[in-house]
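First the structure, in the form of structure tokens, and then the observations on it.
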Amino acid sequence: MLEQLIKLLGRDNAQKLEDGIIDIVLEQIRNDFTGYSRYILDPDDITVFTERCKEKAFKNIESELVKKMEDTMRKSLLQLNEE
């Protein structure tokens with residue numbers, strides 16, 4: 001069917017037709033999103049996700065940090081005992 005339309009309009013107008021159809025589709029998408037009352041990514045969901053990630057990050061580094069602090073304290077205590 002599209003080929004018949006291209007024959008009717010001519011090859012020179014085929015690109016204009018395709019561009020026009022694309023413009024119509026894009027405009028409809030813009031209109032749909034303008035009237036849409038919800039977010040694709042809800043800000044509250046992003047906040048909850050970020051908080052969850054932060055909690056996991058703290059848990060993951062907590063044991064590493066405690067180990068480093070223990071090592072530093074041991075070294076300091078050993079130096080005090082040697083004096």
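The values are calculated or read from the model by the stated rules, or taken from the named source; none is laboratory data. Being a predicted model, the structure only gives us computed values, none of them experimental. Every residue, glycine among them, receives a Cβ derived from its backbone with ideal geometry; neighbour counts consider all protein chains shown. These accessible areas exclude ligands, DNA and RNA; they are computed on the full protein's heavy atoms, side chains included. Shrake-Rupley method; radii C 1.70, N 1.55, O 1.52, S 1.80 Å.
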Could you list all residues from the range 32-49 that are of a type in the set (S, T, N, Q) and open to solvent by 100 Å² or more (accessible area, probe 1.4 Å)? T34, S37
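Suppose we filter E83, E18, E64, E55 for residues that are among the acidic types (D, E), open to solvent by 80 Å² or more (accessible area, probe 1.4 Å) and either closer than 30 Å to I6 by Cβ or touching a residue at least 12 places away in the same chain (Cβ under 8 Å) (or both); which single one remains?
Only one candidate passes the filter, namely E18.
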